[in-house]
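Have a look at the structure below before the remarks.
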Amino acid sequence: MESDITIIGAGVVGLAMASQFANENTFIIEKNTCFGMETSSRNSEVIHSGVYYQKDSLKSVLCIQGNSLLYEFCERYNIAHRRIGKIIVANNELDEKGLESLMKNATLCGVNDIRELSKKEICAMEPNISASSALLSPNTGILDSHGLMSCYAALAKEKGANIIYNAMVEGIELISGGYKITINSPSGRESFTSQKVINAAGLHSDEIASLAGVDLDKEKYNLHYCKGDYFSISGRHKNSVNRLVYPVANKDSAGLGVHLTLDLAGQMRIGPDTAYLNDRRLDYTVNMAKKEMFFISAKSFLPFLEPEDLEPAFSGIRPKLQGPNDGFCDFIIHEESEKGLPGLINLIGIESPGLTASLAIAKYVKKLMDN
């Protein structure tokens, strides 16, 4: 068995790449029983506009490119989505300074549609939220992430790609002309060769890089697992808010703060928080002890909220390069020839805005392969 390209990981990014440049000799190896069962299906399903990331970083550039590519893709393939917009709110002097910084950063990065809202505009647009001042990001939206991944997978299969589920990668060995990849699946242990290998294994991408021979400590490829819980808001408040509402994120935080998101059915939820894990167990139980903290955080901008309105929803785990005490860490998307591993492309630390950037990441990786 031989392939031209092997993509390890059938999350949203792996599938996006397969949808764009797979052929009949492309294998997509996925350890779970279906696509997108980890980070790709446990998130806010938000199409980000690129407000938060450092200028010229991959997160910034690929998010902004990916935003327009994703809206076009959703229109073309009838993926359910809504461009509902996001309001970033301030309720004190410190937050207002944070809004100024966000506005400057967005403009610096080329997000030119973000604008300040007057108190009158805030009240007219969202009368049920509390904010002394705010920014509007009109190009932020929501989508059906499962529908998106289903479409990516279907397009990959149309191009002849073979998605192999229940397959654990156990070995990646550099050989003449490519790599020998060993997998373990219900049909047993087997090996095949591949000219190129793309590591899009999400939470396990550092482990896959290590299997291929990358020194994780030397290259700073080690991931930190960071869990985020979500709580849903009682349906009695449905239609109380029509846009996403975010507080000003603490600049030292690993996340964007507990914020309000909506799904396509109008269900409101708040989250996620950021809690670094001490081990790599994928425990998706929502911590009920956090309910009071979530309530207090959200009550500051959702004055109608009562404690009994919150119920546990779901949780997700992010594959972060940024540790608990670290500053900003960019995506790693790197072709590894300089490490003596030609034809291996590692994607490490693909957290938010990975969903938004998925098609832009596919284009970026295609250029790496072509070069």
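The values are calculated or read from the model by the stated rules, or taken from the named source; none is laboratory data. Here the structure is a predicted model, which means the values were calculated and not measured. When we count neighbours, we look across all protein chains shown, and the Cβ atoms used for this are built from the backbone with ideal geometry, even at glycine.
Do the conditions hold for residue 3, that is, is it modelled with pLDDT of 95 or more and small (Gly, Ala, Ser)? Against the criterion (modelled with pLDDT of 95 or more and small (Gly, Ala, Ser)), residue 3 does not qualify. For the subset of region 82-113 comprising residues that are assigned to a loop (DSSP other than H, G, I, E, B) and touching a Gly at 6+ places or on another chain (Cβ under 8 Å), which member is surrounded by the fewest Cβ atoms within 10 Å (Cβ to Cβ)? Out of the qualifying residues, it is 110. Against the list (1) on the phi > 0 side of the Ramachandran plot; (2) in contact with a helix residue (DSSP H, G or I) (Cβ under 7 Å, 6 or more places away or on another chain); (3) without any contact (Cβ under 8 Å) to a residue 60 or more places away in the chain, the condition residue 56 fails is (2). Residue-level check: of (1) within 21 Å of residue 264 (Cβ to Cβ); (2) modelled with pLDDT under 95, residue 52 misses just (1).
Whenever a residue of region 329-358 is of a type in the set (Phe, Trp, Tyr), its partners that are surrounded by 24 or more Cβ atoms within 10 Å (Cβ to Cβ), lying with C-beta atoms within less than 7 angstrom and at least six residues away or across chains, give the pairs 331/59; 331/349; 331/350. Among the numbered criteria (1) aromatic (Phe, Trp, Tyr); (2) crowded, with 19+ Cβ neighbours inside 10 Å; (3) not in a loop (DSSP other than H, G, I, E, B), which one does residue 225 miss? Result: residue 225 passes all but (2). Exactly one residue among 6, 39 is surrounded by fewer than 24 Cβ atoms within 10 Å (Cβ to Cβ) and either farther than 21 Å from residue 321 by Cα or under 17 Å from the mean Cα position of the chain (by Cα) (or both), and that residue is 39. All of (1) out of contact with any Phe, Trp or Tyr (no Cβ under 7 Å at 6 or more places or on another chain); (2) in the same structural domain as residue 173 (by TED's automatic domain parsing) hold for residue 209 with one exception: (1).
Against the definition (closer than 27 Å to residue 268 by Cβ, of a type in the set (Phe, Trp, Tyr) and over 14 Å from the mean Cα position of the chain (by Cα)), how does residue 21 come out, yes or no? Considered against the rule, which asks whether it is closer than 27 Å to residue 268 by Cβ, of a type in the set (Phe, Trp, Tyr) and over 14 Å from the mean Cα position of the chain (by Cα), residue 21 comes out as no. Screening region 184-207 for residues that are touching a residue at least 24 places away in the same chain (Cβ under 8 Å) and out of contact with any Gly (no Cβ under 8 Å at 6 or more places or on another chain) and picking the one that is surrounded by the most Cβ atoms within 10 Å (Cβ to Cβ) gives 206. For region 114-135, a residue qualifies if it is surrounded by fewer than 20 Cβ atoms within 10 Å (Cβ to Cβ) and either touching a Phe, Trp or Tyr at 6+ places or on another chain (Cβ under 6 Å) or not assigned by TED's automatic domain parsing to the domain that holds residue 297 (or both), and the qualifying residues are 128, 130. For region 96-118, residues that are in contact with a strand residue (DSSP E or B) (Cβ under 7 Å, 6 or more places away or on another chain) and either aliphatic (A, V, I, L, M) or modelled with pLDDT under 95 (or both) total 7.
Per the listing 60, 68, the residue uniquely outside any loop (DSSP other than H, G, I, E, B) and touching a Cys at 6+ places or on another chain (Cβ under 7 Å) is 60. Residue 316 versus (1) assigned by TED's automatic domain parsing to the domain that holds residue 235; (2) over 17 Å from residue 257 (Cα atoms); (3) touching a helix residue (DSSP H, G or I) at 6+ places or on another chain (Cβ under 8 Å); (4) not aromatic (Phe, Trp, Tyr): which is the lone unmet condition? Evaluating residue 316 over (1) assigned by TED's automatic domain parsing to the domain that holds residue 235; (2) over 17 Å from residue 257 (Cα atoms); (3) touching a helix residue (DSSP H, G or I) at 6+ places or on another chain (Cβ under 8 Å); (4) not aromatic (Phe, Trp, Tyr) leaves (2) as the failure. Scanning region 281-301 for residues that are of a type outside the set (Val, Ile, Thr) and more than 16 Å from residue 228 (Cβ to Cβ) yields 292, 295, 299, 300, 301.
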